[in-house]
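Report on one structure; see the data block that follows.
The values are calculated or read from the model by the stated rules, or taken from the named source; none is laboratory data. Note that the structure is a prediction, hence the values are computed from the model and not measured. Methodologically, a virtual Cβ is constructed for each residue, glycine included, from the backbone with ideal geometry; neighbour enumeration extends over all protein chains shown.
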Amino acid sequence: MVLLDIGTSLNDWIKSGYDLLKLIAKLLSVVGCVRLAYLYHVGRDKGCVFYELLHWIGAIVFFSSIEPIYNMIANFFKIT
């Protein structure tokens, strides 16, 4: 019975953490869009805009790797 309670709480903890990371990824993508639009509008040099674009693409790649990691952990602990 204790193991079932630990498994249930672990399941909830992992799912809530995963949902939080998805929310953070969406917020960062909106902030990244606004920053890119601002830098382009202000007329910054193309290197600055390109550098910011690389950061944004890096964040998208990083946060898109969260779901496979979550699936791997869920399969390891057999969480559905």
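Out of the residues in the stretch 23-50 that are of a type in the set (Lys, Arg) and at pLDDT below 75, which is nearest to VAL61 (Cα to Cα)? Full working, then the answer.
Here is the first cut: in the stretch 23-50, the residues of a type in the set (Lys, Arg) are 26, 35, 44, 46.
Imposing the further condition that a residue be at pLDDT below 75 reduces the set to 44, 46.
Values: ARG44: 25, LYS46: 22 Å.
By that ranking, first place goes to LYS46.
Is it true that some residue in the stretch 10-21 is of a type in the set (Asp, Glu), assigned to a helix (DSSP H, G or I) and modelled with pLDDT of 75 or more? Yes: the stretch 10-21 contains one or more residues that are of a type in the set (Asp, Glu), assigned to a helix (DSSP H, G or I) and modelled with pLDDT of 75 or more. Condition test on GLY7, is it modelled with pLDDT of 70 or more, out of contact with any Lys or Arg (no Cβ under 8 Å at 6 or more places or on another chain) and among the small types (Gly, Ala, Ser)? No: the conditions fail for GLY7.
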